[in-house]
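Presented below is the structure to which this report refers.
Values quoted throughout were computed directly from the atomic coordinates according to the rules given, and no laboratory measurement underlies them. Model, not experiment: these values are computed from the prediction. Here the Cβ positions follow ideal geometry from the backbone for every residue, glycine too, while neighbour counts run over all protein chains shown.
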Amino acid sequence: MNQTPYRLVVGLEVHVQLSTETKLFCGCSTTFGAPPNTQVCPVCLGLPGSLPVLNEKAVQLAIRTGLALNCKIAEVTKWDRKNYFYPDLPKGYQISQFDQPICGEGYLDFPDPDAPETTQRVRLIRAHLEEDAGKSMHDEVHGRADSKIDLNRTGTPLLEIVSFPDLTSAAAAKAYLTELRLLLTYLGVSDCNMQEGSLRADANVNLHIPVDGNDIATPIVEVKNLNSFRAVERAIQYEAGRQFELWKQTGKTIKDAPKQTRGWDDEAGVTKAQREKEESADYRYFPDPDLVPLRVTEAMLSQQKVVLGESPSAARNRLQVNLGLKPYDADVIVSQGQSMVAYFDGVVAGGADPKRSSNWIQQDVMRTLKENDLSVEQFPISAARLSELLRAIDASVVDNTRGKSIFQYLLEHDATIPDAMAALGIVQVDSSEIETLCKELIDENPKVIAEARAGNAKALGSLIGAARKKNANADAKVVRELLQKMIDAM
Amino acid sequence: MQLEILSAVQLGAMIAKREVSCREVSKYFLDRVHQFDSIVSAMVNVFDEATVMEQADQVDSRILGGEKLSPLAGLPITIKDVLCLEGLPTTCSSKMLQNFRPPYNATSVQRLIDAGMIVLGKTNMDEFAMGSSTENSAFFPSRNPWALDRTPGGSSGGSAVTVAAGMSPLSIGSDTGGSVRQPAAFCGVCGLKPTYGLVSRFGLIAFASSLDQVGPFAHHVEDLAAVLQVIAGHDPRDSTSLNVAIPDLTSGLNAPLKGLRVGVVREHQDHPALDPEISKAVQATQKLLQSLGATIEEVHLPNSRHSVATYYVIAPCEASSNLARYEAAHYGYRARMTTEASSKSSTSGRNPLEEMMVVSRSQGLGEEVKRRIMLGTFALSAGYSDAYYKQALKVRRLIANDYQQAFQKVDVLLGPAFPTPAFRLGEKIDDPVQMYLGDQFTVEANLAGIPAMSLPAGFTRDGLPLAIQLQAPQLQEARLLNVGHQLQRAGLFEPKIAGLV
Ligand SMILES: [Zn+2]
């Protein structure tokens, strides 16, 4: 698999916007897309005399996330000021967490992109809460500074999840980020919308190159501006190649150069050196004297443990082990999100065969959702109704072909399965009728019967068509089986 | 009738009984503001007469309507220009905020207004509360009404002056390292710094957040109690505000002092910079307390000698961060960028926006403020933070422990408020270290978070006010006020208005 003359070493810093209704330290709304500077107040504008007040909901979501990421949750956590000047930071400092983050070390297992039936583990260094900055646009022409600033985002709660450099390929980085996003949406702590900036990733990338039995590490580069999963994968791939070429040319190692920041240019497909925002990046962290340290109580932990729910990996495992799905099928359903798992569970709970349920959901249900751009919550056929249909197929009340017709009918009509069958003219034929039908066929087609008795299995095929002409509701499978039985008994 | 010498509590009772109207009282004091402010320069902005009278008439009509109002209803008050108040600019006596109009009232100010008090205007101060003489005001220095060539102290100098000169019966200021107690001492009035967290800091423009507290000025100890009763109490908008029940601060004022254990701090009383007349005033107070049945004990605060250094690391560190927001991008003073200034950005390596911030801060902030921002920035920098900021936090804990130990032996501590009486305008302004050293006796209460009060204690031979300081354990304001009130009744001081005519 890995044919490169080096080992890639990647760690991700992921900023997740927590879905609280209000900001981290004031009561302003966090809704995305409002007109600029309409969701602001003295606190998030940093007006003189204003003071921050902690939003406990953000702490709850951070604890929930930390628990799901197997992190040690701090008993006491505190708030620190990260000082730097920037126009989108009205206080001149960001309230963050420096040395006592709310979530300590943890880990996340994610499906191995090279061997989907197994998992890889990425260890996490920490996850801490901080407030987001605003957005600024600069127009620097002829020495004039024309800047526009929108402070709606200022103060929105972020959870920064920092991984160890455990990722060894671009595909693994993407797979980890995919699993992390899935988990966060399962937890309901973030909408993880990358376009709206609710999920932002920076990658720390370098190479370990074996030379004469020793590993030589290249300088670490932090790649920013990764706005999609594809960008994460491409940027890391590009950066690996670039670093290897640079090492071949210059021989520079981690000891020769400090960490550099580069931005990903998605159109050009390259990383570019970024002008450093802070020359020396001395943030002069110190505890924020406007806020008091927070003690995380047992009650706060258990409150979150109760609402954790099933993680994607637990759901995958249950679908495989308890319900007998193949790893691939379990993953497809789980990756669709928690509501799809709940829908699948609903179908199975109604008594339908799990594998048949999985097939129908992956094919018919998901195709319909995709074609009509619907979410599973908006899907017109309830889990109970689909279960009823699949049970009818399981019991040979209708065949698969008829089943599909009923499915189509149910998309547009709220009806029970018998009502749908009646509306479609599908009648279940009883066994004495089928017997009479088969006797007629044998009597009317001596030639075909002779062929069949001589061992030509295909010969019976022509009789199935004839049977359907006599009775459209006759189940082909049942007819074939009965004919064979009668011929065998001759 | 001379209203300015009455206690505010008495005057409030007269208003409530309709012996005098709120309009008459407000007019009386506003006239004195107009009469004397040109001499002492205590006010930065004053409400116009119509606005004040409108407020006064509202209170009068409520009293006429039989409404039961707070004991302070109808009384005028002045407010240090560090506390946000709607209707006037809140400047912090800085060019940077000269035109800043806050869209909200500080919680302490709002509580005074809710109690029916009449705000006359905003008082002058050292810029951003940094200083001990009010000479660091970007607008003008204030003058001590007892000796016009001397400073009124600072940083709440203007507030102390308005009370000392009878321009207002009451005032509130802020005390970060002595900024209420020292000007009170210089001007011959009472000043109280409450326990950290007792009064909300919401709307108090921050200098050093872990040290700042709002506190009252008055001629009478019972008036300090009455004002504190109104402004103290939990505020959900200030996370550091204490969620404790506030006791009745006035009911215990007359409790006898028999058996009270009073500590005299050896390190303060032996301090080489202590003026002999102040030392004598402390000794006289000691005797007075003994005559009231108190016992005197000597106590030690071994880390006392580190307190000024500790304070002048922690306060500038917090200030350097608190004042970062004044960068002219969002509000505040913005420098006119000339072509030369803009082109300078190409040589300085800063972009035009950064250059604008740098020039605006250079022009909009005064020397002392810039000095402290640089001190704090340095002390928080990588490589220095351990030796300065973090070390100072450790010593702060040691100082607080010293106090805790002392208060196991005694109920209150008695000592000087400031080493000298009021110094001359210009005397120390060019020697910041000398200026800082004067804060020796006041900064400790801020570092330890305990309540402290300065009280007048007679006059020097030259006619300058003398003062003593009392300190008590956290949340023991009632005890402090009780001792102060008893001392006043026993004749430690007689409320006096500085004669300016
Ligand atoms: Zn806000």
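Setting aside same-chain residues fewer than 8 positions from A:Lys255, which lysines have a Cα under 29 Å from its Cα?
The reachable lysines, counting only those whose Cα sits under 29 Å from A:Lys255, are A:Lys82, A:Lys174, A:Lys224, A:Lys272, A:Lys277.
So what's the angle, to the nearest 10 degrees on a 0 to 90 scale, between helix A:229-250 and the longest Cα principal axis of chain A?
The helix A:229-250 is inclined about 50 degrees to chain A.
7 Å from Cα along Cα→Cβ at both A:Gln249 and B:Phe140: what's the point-to-point distance in nm?
6.8
May I ask you to sort B:Leu120, B:Leu492 by Cβ crowding, counting other Cβ atoms within 10 Å and putting the fewest first?
Values: B:Leu120 26, B:Leu492 20.
Fewest-to-most ranking of B:Leu120, B:Leu492: B:Leu492, B:Leu120.
Taking a cut-off of 22 Å between Cα atoms, list the lysines near B:Lys280, but don't count ones fewer than 8 places away on the same chain.
Cα-Cα hits under 22 Å: B:Lys496.
Where does chain A land on the Kirkwood hydrodynamic radius, alpha-carbon pairs, in angstrom?
Computed over chain A, the radius equals 27.2 Å.
Restricting to DSSP loop positions (anything but H, G, I, E, B) with no more than 14 other Cβ atoms inside 10 Å of their own Cβ, which chymotrypsin sites (Phe, Trp or Tyr not before Pro) remain in region A:209-311? All intermediate terms of the calculation are to be shown ahead of the outcome.
On the way: sites: A:Phe229, A:Tyr238, A:Phe244, A:Trp247, A:Trp264, A:Tyr283, A:Tyr285; in loops: A:Tyr283, A:Tyr285.
For chymotrypsin sites (Phe, Trp or Tyr not before Pro) across region A:209-311 that sit outside H, G, I, E and B with at most 14 neighbouring Cβ atoms in 10 Å, the list is empty.
Which one, A:Gly188, B:Thr338, A:Phe407, projects farthest toward the positive side of the charge dipole computed for the protein assembly as shown from Cβ point charges (K/R +1, D/E -1)?
B:Thr338
For q values of 0.14, 0.15, 0.22 Å⁻¹, compute log₁₀ I(q)/I(0) with the Debye formula on a Cα-only model of region A:383-490, without solvent.
The Debye formula, applied to the Cα set alone, gives -0.61, -0.67, -1.08.
Hand me the trypsin sites (Lys or Arg not before Pro) from region B:95-154 located in a DSSP loop with no more than 16 other Cβ atoms within 10 Å, in residue order please.
On the way: sites: B:Lys95, B:Arg111, B:Lys122, B:Arg143, B:Arg150; in loops: B:Arg143.
Sparse-neighbourhood loop trypsin sites (Lys or Arg not before Pro): none present.
Let me have the relative contact order for chain A, percent, based on Cα pairs under 8 Å that are six or more residues apart.
Numbers: 825 pairs, mean separation 68.1, N = 490.
Over chain A, the number comes to 14 percent.
Could you give me the ³J(HN,Hα) list for region A:204-209, computed from phi with Karplus coefficients 6.51, -1.76, 1.60 and θ = phi - 60°, whole Hz, x at Gly and Pro?
Values, residue by residue: 9, 10, 8, 10, 10, 10 Hz.
Which aspartates and glutamates, if any, have their Cα less than 15 Å from the Cα of B:Lys390, not counting same-chain residues under 8 positions apart?
Leaving aside aspartates and glutamates fewer than 8 places away in the same chain, those within reach of B:Lys390 are A:Asp80, A:Asp99, A:Asp288, B:Glu318.
Quick check: the distance between the Cα centres of region B:225-301 and region A:13-45, to the nearest angstrom?
Cα centroid to Cα centroid, the span is 46 Å.
Nearest 20 debye, what's the magnitude of the dipole of chain B about its Cα centre given +1 on Lys and Arg Cβ and -1 on Asp and Glu Cβ? Don't skip to the answer; put the middle values down first.
Values: 44 positive and 49 negative charges, 114 e Å.
For chain B, the charge dipole is close to 540 debye.
Based on the Cα coordinates of region A:204-363, what is the per residue volume of their convex hull in Å³? Present the calculation step by step, with values, prior to reporting the outcome.
On the way: hull volume 41.8 nm³, N = 160.
In region A:204-363, the Cα hull volume divided by residue count equals 261 Å³.
Where the centroid of each part is defined by its Cα atoms, how far is region A:413-490 from region A:328-403 in Å?
One Cα centre to the other: 29 Å.
Ignoring everything except DSSP H segments at least 4 long, calculate the 222 nm mean residue ellipticity for the protein assembly as shown; use -39,500 (n - 2.57) per segment, divide by total residues, nearest 500. Please report the intermediate quantities before stating the final value.
Numbers: 33 runs with 381 residues, N = 991.
Computed ellipticity for the protein assembly as shown at 222 nm equals -12000 deg cm²/dmol.
Taking 26 Å as the cut-off for C-alpha to C-alpha distance, list the pairs among B:Lys27/B:Lys122; A:Lys355/A:Lys404; B:Lys68/B:Lys122; A:Lys91/A:Lys259; B:Lys95/B:Lys394 that go past it.
Details: B:Lys27/B:Lys122 17 Å; A:Lys355/A:Lys404 17 Å; B:Lys68/B:Lys122 28 Å; A:Lys91/A:Lys259 28 Å; B:Lys95/B:Lys394 36 Å.
Where the Cα-Cα span goes over 26 Å, the pairs concerned are B:Lys68/B:Lys122; A:Lys91/A:Lys259; B:Lys95/B:Lys394.
So how do A:Glu233, A:Glu310, B:Glu19, B:Glu477 line up by other beta-carbon neighbours within 10 Å, fewest first?
Values: A:Glu233 21, A:Glu310 16, B:Glu19 11, B:Glu477 25.
Listed from fewest to most nearby Cβ atoms, that is B:Glu19, A:Glu310, A:Glu233, B:Glu477.
In the neighborhood of B:Arg18, defined by Cβ-to-Cβ distances under 11 Å, what is the net charge if each Lys or Arg adds +1 and each Asp or Glu adds -1? Kindly include the intermediate steps, with their values, before the conclusion.
Values: positive: B:Lys17; negative: B:Glu19, B:Glu24, B:Asp60.
Charge balance in the 11 Å sphere: -2.
To the nearest 20 Debye, how big is the dipole of region A:431-488 about its Cα centre, given +1 on the beta carbon of each Lys and Arg and -1 on that of each Asp and Glu?
Dipole about the Cα centre, nearest 20: 220 debye.
Determine the relative contact order of chain B: mean sequence separation of Cα pairs under 8 Å and six or more apart, normalised by residue count, in whole percent.
Details: 1178 pairs, mean separation 90.3, N = 501.
Relative contact order, chain B: 18 percent.
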